[in-house]
There are 4 protein chains.
Amino acid sequence: MTHLDDRTMTSSGFYVSQEAPIVADNPVPTPQAPAPDILRCAYMELVVTDLQRSREFYVEVLGLTVTEEDEDTIYLRSLEEFIHHNLVLRKGPVAAVAVFSYRVRSPEDLDKAVAFYEELGCRMERRQEGFTKGIGDSVRVEDPLGFPYEFFHEAEHVERLAWRYDLYTPGALVRLDHFNQVTPDVPRATKFMQDLGFRVTEDIQDDEGTVYAAWMRRKPTVHDTAMTGGDGPRMHHVAFATHEKHNILAICDKMGALRISDRIERGPGRHGVSNAFYLYILDPDGHRIEIYTQDYYTGDPDNPVVTWDVHDNQRRDFWGNPVVPSWYTEASLVLDLDGTPQEVTAREEKSEMDVTIGADGFSYTREGDADGTYQGEAAKGFKLGHQL
Amino acid sequence: MTHLDDRTMTSSGFYVSQEAPIVADNPVPTPQAPAPDILRCAYMELVVTDLQRSREFYVEVLGLTVTEEDEDTIYLRSLEEFIHHNLVLRKGPVAAVAVFSYRVRSPEDLDKAVAFYEELGCRMERRQEGFTKGIGDSVRVEDPLGFPYEFFHEAEHVERLAWRYDLYTPGALVRLDHFNQVTPDVPRATKFMQDLGFRVTEDIQDDEGTVYAAWMRRKPTVHDTAMTGGDGPRMHHVAFATHEKHNILAICDKMGALRISDRIERGPGRHGVSNAFYLYILDPDGHRIEIYTQDYYTGDPDNPVVTWDVHDNQRRDFWGNPVVPSWYTEASLVLDLDGTPQEVTAREEKSEMDVTIGADGFSYTREGDADGTYQGEAAKGFKLGHQL
Amino acid sequence: MTHLDDRTMTSSGFYVSQEAPIVADNPVPTPQAPAPDILRCAYMELVVTDLQRSREFYVEVLGLTVTEEDEDTIYLRSLEEFIHHNLVLRKGPVAAVAVFSYRVRSPEDLDKAVAFYEELGCRMERRQEGFTKGIGDSVRVEDPLGFPYEFFHEAEHVERLAWRYDLYTPGALVRLDHFNQVTPDVPRATKFMQDLGFRVTEDIQDDEGTVYAAWMRRKPTVHDTAMTGGDGPRMHHVAFATHEKHNILAICDKMGALRISDRIERGPGRHGVSNAFYLYILDPDGHRIEIYTQDYYTGDPDNPVVTWDVHDNQRRDFWGNPVVPSWYTEASLVLDLDGTPQEVTAREEKSEMDVTIGADGFSYTREGDADGTYQGEAAKGFKLGHQL
Amino acid sequence: MTHLDDRTMTSSGFYVSQEAPIVADNPVPTPQAPAPDILRCAYMELVVTDLQRSREFYVEVLGLTVTEEDEDTIYLRSLEEFIHHNLVLRKGPVAAVAVFSYRVRSPEDLDKAVAFYEELGCRMERRQEGFTKGIGDSVRVEDPLGFPYEFFHEAEHVERLAWRYDLYTPGALVRLDHFNQVTPDVPRATKFMQDLGFRVTEDIQDDEGTVYAAWMRRKPTVHDTAMTGGDGPRMHHVAFATHEKHNILAICDKMGALRISDRIERGPGRHGVSNAFYLYILDPDGHRIEIYTQDYYTGDPDNPVVTWDVHDNQRRDFWGNPVVPSWYTEASLVLDLDGTPQEVTAREEKSEMDVTIGADGFSYTREGDADGTYQGEAAKGFKLGHQL
């Protein structure tokens, strides 16, 4: 761990350090058993309450490719994917996330996953035939943070449609990029994920060391998943990548044309964290989808960890545009292995929303700026004020 | 004039009619003298309080080209311009607009302008040698709406730098696109501009016929200027065009990198009105600059006039993103021919901000939607609610 | 007329002058009757030999919108158009152009057109009900250059689909931009078009004053039509505009995916002339279609005329990429008013292809460059050599 | 190894198989010692003959950032890099490549590299202090294929400028993407690289099993290096990535504006292989630089290997645009550890250029197309004919 003193201020207004400056006070014990070798986030299984309406959203609006479907389930993939699916929509009574699924390097890694989680006393289920079509031998676990995680290696190959430009839409989604999870104790969750083999790339802190969110990766992008501080376990969003920024703008335009602009929750914009261009939209059940493009390579083991000050108004939107409150407060339930929603535990630490906006919060555009825009006091700047 | 009944609802949720459905109750008399043949909005003269700081903004941040400069004045142009300037920054004690300047087709059109405004009893000044460098014989007038307008034909030609890609920045501005004026009585202003030879392309109304804003053109784009309802005469913004949308995003990115994101007022986004992609930023004096790209051809005399319902939440941002209050309320003073700020008269008609947001306003994403997002009552939709 | 001496070399390597430096030795007499007030190129009627195959190309591949169709004819428009069509495909025995059609400002301009061409002794036909669906009173003429021209004002309005982003494809065509005609004597053709009210914006010449091509406009873009020196009268291409450059790349990608890349004739690339981004593709009959974006405003009466040296290797492709010979030699036949192909007359003046490439031609990247790439001699530069 | 029969034809016209269908007849022996764990291609050291002229090209034209420089050497990096450099320009008498340098996961991997190459009897040199500034303990080796390879782990960290949009140019280079090497025997080179831990992602073959080129990766992109069949060892190109396609077009535009379009060798275009958008340009010494964007994720161990038919005219340019002969024949010399150019051995197998273009070659757009464009015979298609 890097002490706060070991970090270096950059010319862009954030810090870098060699290791994530995050310490868990209440860590999950580190298993003796080695972690499985995870390749990447691979797919999410979403429970949706109206399958046809969800199909319309993911297929007609977003243009995901249907690999297979039946009365209860739709298997979808992005244009550059070669395994069976990146998203499963399953009809169910309560909108929720059934599983966050990761692909591991080899079949043997499933045994490692079992040993790893057994040592932690987690509830698990393994199915040789897989839990969903197109996926073979799989392990599902209720992890120590309360999230339903899956690991698999075997997967049916389907055609990678990357070259099929006749199938592209203006907002073409080419890759599943990452998950984002809401959890009350970010340092605890981060430490657990580090034990699972993840490496932190960026985080948001304050001067007292409160960690509001952390991003972590297996594949060499900014993240395969992130831990967002809040009442959890819940799913904050799942993100798909486009090639270029105009593809994301095209999704906004299409949602405007379809008169569903009220399902555009936040953005488009440039993230501070990750440096990616983003958009958040809501599916018919309120599951949040991010559309994301152009973060950076993080594959070196000494990749600098970026730490943003929670009061830096450019951390979440580099252009200083406001984060809507729903983005902080709303998230999807996650299911246990029986399909029952996990109970949600309230975050006890400070809330990012509270410390940055509203009567008690403050943010700045330029740190130490005497003319700064402290909202709690004199600041009347449009970027932070009550906008409506 | 088209009656409200003569307009046609389109599949995009707005109306079209053959003529602008706008009637002035209190019109400026139509002169007998023919209007001058105006080519296009050509340049704006801005008074700025700190010339060096403004230079930094327009030259270093926005990349406009300096045609010429001296201690008190900087003459700037966009990359595709071939006349001397599109923007004059002049040092002065009070930030304001000294003139909205239009180019006319021929030298004789100046005589027409004189006759036209004389008939209206307007204060005028004509200078053979021009009021600014690079511009010849010019007429300046305090028009019946209180705005300082200039007409000229003679202009010094400078090199059109369109092919000089070595000079382009990521956010290159290629053209002056339009002005936008704040005036209390939009129908009166519109009627006057029609007499001056402008044609309305779009407007925003409510069912009772209140007109909140109107766009009008000489060159065949959506506008050379627009009339925005509010306390006036004031200048709402001046707009420069880029080639593509990513150029506008690059300006946001650069302002983030320079830690002046608090000068990004609104956007980027897609306009409903004009269908253009937009961004509003503020110069060091608070003069509002729009960056704008990709509206449509309007040059046919029967070009359909588009009318948006003021309650349509996609009229000003097609993605339904909120308009910040400052955008409705703030604007620049305009000067009379002596250089004294014109007195501002309050708008008496309904305010667009009031009728669309806040406790008494409402907006919808889908007209007639029973689940609509009426903010005044139950609506808690993030797109319209108190966001911060 | 500007003498060659009156032109000014720019920092971009071409000349500008105030008037087109083109003199016709053998002009068509200038009519006494005033020319009609032409708004813009409006549509082309193409005869195609396999209607279904052409429909596939223009609708499935290029995404034009079908306004109306029957067994013999398809009426197509671009997304920003509000008149009935920009392109008519009519089934016929010989692939050819039936008409180049222009919209005029008022119904009275049709009478002017009649008087103008009558004075020139041209064969004409006028139909109150129009020659194609959606168009009213029209005049068709065999013009002095042998081209079938149409003028009309009355047109059925259809919905402008600019805001219907749900209908956009990645390569969406938004506007008809221009025609391009092949004619043996460019100065003669230019002079005639000037009499018809067109203004030259750019041309290609050599030091001896041979004019190889000229661009001319009514609407304030670089052109509504161009005259390309060659055996004629023939139609070189018809051009549609996209919003951005990536839209053009998307058309290439789609044609690759559909395995019809052999119908991509030339480009994509940046034009020197017009500064636009371009692509040339061939329809099933070999009619050449240009996809075009981002030229510049030319609406001022003193807009500088740009003259390119025919030996400047960046004139046709600003990146110096070669022009394929077919682009110089192939073109579509045009029909007379009986529907019979017009006889083609050979160009007698020098050929642009001959003077720039091959054993007797030469081109340069930098004028006067001693190390220049004179292909006729030592130059072995890949940009100009026998590439295959 | 997959037999040719085990591969599957896709709907895009190429084959996929599970393992690279490449067998070396004359393999380099596989060492017993394990290969070092290579992270990625990290930098290239180029010898240039005129340091100032090269600086102008890489810094002024391409916008690379100077980390450090002295009289003889310039250290350059791309905007997203956090190690000292991606490119070293060193003044020398003969233009050549001094080293292809790869970063390894840990300091210990250097020992592994030493053992690996020692077993192969390769000449090596190890320097604790590194061979270039900013790089620590390094091993340089003359590999069995004759290429100068370097491995290092220790590197000085510098600021990752990804968020410094004020420094971006329109053609901003953000990452070093890959190398490309010319070698006579592609299967032999491929087998050796597989032993070194690389995995093949794509290749070009003919029906008789001749391999013309192969792409291979460590980081999960299409390649860290590729082996191109030809007289070698030589360096074909080094590639930098941009974020978007318009960035690449901007480089072309800038080179046009600077009148160095004769240094644009090939492109821009869409690759078949890799699906990336590309451009090839030449530095003042003729070293070939590729600008590259948007290939796909290849990090799964069972990532499908793509095999293109050498006669598929869309393999190298998906739009069917011709490959210029210089691209096949020209390449940079590589140095041995004494700084002497390695002797070049001629390729004995068939040449891709010969089998695809010219009198004896043929290519097709659609396989088995009876109307195909066989250049050797009847084909008159502009896409393959003698263009100039």
If one builds a Gaussian network model of chain C from Cα atoms under 10 Å apart, the most fluctuating residue listed among C:301, C:184, C:322 is C:301
Expected integer from the mean partner chain Cβ neighbour count at 10 Å over D:324-333 is 2
Of A:13, A:121, A:197, the most mobile residue in a GNM of chain A (C-alpha springs, cutoff 10 Å) is A:121
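Does the protein assembly as shown come out rounded, prolate or oblate by the C-alpha gyration tensor, with a ≥ b ≥ c the root eigenvalues, rounded set by a/c under 1.5 and, if not, prolate when a/b is larger than b/c and oblate if not? Don't jump to the answer; show the numbers that get you there.
Values: a/c = 1.63, a/b = 1.21, b/c = 1.34.
Oblate is the answer for the protein assembly as shown, as a/c is 1.5 or above yet b/c matches or exceeds a/b.
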Given 10 °C, 1.306 mPa s and a Kirkwood radius over Cα pairs, the Stokes-Einstein diffusion coefficient of chain B in µm²/s is 75 µm²/s
homo-copy label distances at residue B:34 (7 angstrom along Cα-Cβ), nm, one dp, ascending, are 0.8, 8.9, 9.0
Sequence order, the range D:298-309: Karplus ³J(HN,Hα) from phi using 6.51 cos²θ - 1.76 cosθ + 1.60, θ = phi - 60°, Hz rounded, Gly and Pro as x, gives 10, x, 6, x, 9, 3, x, 8, 9, 10, 9, 6
Expressed in angstrom, Rg and Dmax over the Cα atoms of the range A:211-316 are 14.6, 46
Partner aspartates and glutamates whose C-alpha sits under 15 Å from that of residue B:254, ignoring same-chain residues fewer than 8 away, are A:317, B:56, B:60, B:262, B:265, B:283, D:166
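Can you list the equivalent-ellipsoid semi-axes of the range D:38-166, largest first and in whole Å, using the square root of 5 times each Cα gyration tensor eigenvalue? It would help to have the intermediate numbers written out before the result.
Numbers: eigenvalues 138, 67, 24 Å².
Over the Cα atoms of the range D:38-166, the ellipsoid semi-axes are 26, 18, 11 Å.
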Amide H proximity to residue D:40 below 5 Å, modelled H, separation 5+ or other chain, gives D:103
Taking alpha-carbon centroids only, the range C:56-117 lies from the range C:316-352 a number of Å equal to 22 Å
So, in nm and shortest first, the distances from residue C:56 to its counterparts in the other copies, with label points 7 Å along Cα→Cβ, work out as 3.3, 5.3, 6.2
GNM of chain A, Cα pairs under 10 angstrom: of A:72, A:253, A:166, the biggest fluctuation goes to A:166
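What dipole magnitude, in Debye to the nearest 20, does the range A:171-332 give about its Cα centre under +1 on Lys/Arg Cβ and -1 on Asp/Glu Cβ?
On the way: 17 positive and 24 negative charges, 109 e Å.
Magnitude of the dipole: close to 520 debye.
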Expected sort for B:23-33, A:186-196 on mean C-beta neighbours within 10 Å, highest first, is A:186-196, B:23-33
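Identify the GluC sites (Glu not before Pro) of the range A:1-79 meeting these criteria: DSSP loop state and at most 16 other C-beta atoms within 10 Å of the C-beta. It would help to have the intermediate numbers written out before the result.
On the way: sites: A:19, A:45, A:56, A:60, A:68, A:69, A:71; in loops: A:19, A:71.
Qualifying residues, ordered by number: A:19, A:71.
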For the range B:132-142, in residue order, the Karplus 3J(HN,Hα) values (coefficients 6.51, -1.76, 1.60; θ = phi - 60°; whole Hz; Gly and Pro = x) are 10, 4, x, 10, x, 2, 9, 10, 10, 9, 8
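Quick one: dipole size for the protein assembly as shown, taken about the Cα centre, charges +1 on Lys/Arg Cβ and -1 on Asp/Glu Cβ, in debye to the nearest 20. Please list the in-between numbers first.
Details: 156 positive and 268 negative charges, 2 e Å.
Dipole size: approximately 0 debye.
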Everything considered on the Cα gyration tensor (a ≥ b ≥ c; rounded for a/c under 1.5, else prolate if a/b is larger than b/c, else oblate), the range C:139-198 must be described as prolate
Output for the range D:191-255: GluC sites (Glu not before Pro) sitting in coil per DSSP, at most 14 other Cβ within 10 Å, listed by number, reads D:208
Per residue of A:294-307, other chain Cβ atoms within 10 Å number on average 6
Among residues of chain A, the one whose beta-carbon sits nearest the axis that rotates A onto D, given with its distance in integer Å, is A:244, 2
For the table C:133/C:191; B:133/B:191; D:112/D:133; B:133/B:219; D:245/D:350; D:91/D:219, the rows whose alpha-carbon distance is greater than 26 Å are C:133/C:191; B:133/B:191; D:245/D:350; D:91/D:219
Rg (one decimal) and Dmax (whole number) from the Cα set of the range D:151-287, in Å, equal 16.8, 53
Given unit charges at Cβ for Lys, Arg (+) and Asp, Glu (-), the dipole magnitude of the range D:38-166 about its Cα centre in debye, nearest 20, is 240 debye
Label points for residue A:129 built 7 Å along Cα→Cβ; distances to same position in the other copies, nm, shortest first, come to 6.8, 7.0, 9.5
In terms of the alpha carbon gyration tensor, root eigenvalues a ≥ b ≥ c, rounded if a/c is under 1.5 and otherwise prolate when a/b exceeds b/c or oblate, the range B:297-355 is oblate
Taking alpha-carbon centroids only, the range B:192-227 lies from the range B:164-184 a number of Å equal to 21 Å
Evaluated at 4 °C and 1.567 mPa s, the Stokes-Einstein D of the range A:35-79 based on the Kirkwood radius over Cα pairs, in µm²/s, stands at 109 µm²/s
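Please identify every one of the GluC sites (Glu not before Pro) in the range A:96-154 that sits in a loop by DSSP and has no more than 12 other beta carbons within 10 Å of its own beta carbon. Write out the running numbers ahead of the final one.
Working: sites: A:108, A:118, A:119, A:125, A:129, A:142, A:150, A:154; in loops: A:129, A:154.
Those satisfying the criteria are A:129.
Read-outs: derived from the displayed coordinates by stated rules, not from any lab. All values reported here derive from a predicted model rather than from experimental measurement. Virtual Cβ from ideal backbone geometry, glycine too; neighbours counted across all protein chains shown.
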